[in-house]
1. What is the set of long-range amide H partners of Val35 at a cut-off below 5 Å, with H atoms built 1.01 Å from backbone N?
2. Among 13-23, 42-52, how do they line up from the highest to the lowest mean number of other beta-carbon atoms within 10 Å?
3. If amide hydrogens are placed 1.01 Å from N in the peptide plane, which non-local residues have theirs closer than 5 Å to the one on Met11?
4. Which whole-Hz ³J(HN,Hα) couplings does the range 35-45 yield from phi under the Karplus relation 6.51 cos²θ - 1.76 cosθ + 1.60, θ = phi - 60°, glycine and proline marked x?
5. Please list, in order along the range 51-61, the HN-Hα scalar couplings obtained from phi with the Karplus expression 6.51 cos²θ - 1.76 cosθ + 1.60 (θ = phi - 60°), rounded to whole Hz, x for Gly and Pro.
6. Determine the sum of side-chain charges near Leu52: Lys and Arg each +1, Asp and Glu each -1, restricted to other residues whose C-beta is under 12 angstrom from that of Leu52.
7. Name the residues whose placed amide hydrogens come within less than 5 Å of the amide hydrogen of Ala66, ignoring near sequence neighbours (fewer than 5 apart) on the same chain.
8. Between Asp59 and Arg24, what is 0.36 nm times their sequence separation minus the Cα-Cα distance? Round to one decimal in nm.
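Just so it is clear, none of the values below were taken in a lab; they were calculated from the coordinates. Everything numeric here is computed off the predicted structure, so don't read it as measured data. When we count neighbours, we look across all protein chains shown, and the Cβ atoms used for this are built from the backbone with ideal geometry, even at glycine.
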Amino acid sequence: MLILWCKLELMELTIELECEADGRWLCEVIELPGVMAYGSSKAEALKAAEVLALRVLADQLEHGEATAEHFFVKFKAA
């Protein structure tokens, strides 16, 4: 779970984990459509999903799709 605190509001992003038949791990950030990442281990997949989620949020800020005065970010696997 990625927790983002923006303008004194808490936004929780849930990361769903799934182990594929071939042993790879898939993580999906439910609240950010299209944010999915694979890894050879659970930790690697979580890290990749968290990085991608932050990049998507940064892109939204950069292009004026979101605004934020301050961010508080905390990662927690669900």
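1. Val29
2. So the peptides 13-23, 42-52, ranked by packing, come out 42-52, 13-23.
3. Long-range HN contacts for Met11: Leu4, Trp5, Cys6.
4. These are the phi-based 3J(HN,Hα) values: 8, 9, 8, 9, x, 6, 9, 4, 4, 5, 5 Hz.
5. So the J values, rounded to whole Hz, are 4, 5, 4, 5, 5, 5, 5, 5, 5, 5, 5.
6. Around Leu52, the surrounding residues sum to -1.
7. Leu61
8. Additional length available on full extension: 9.8 nm.
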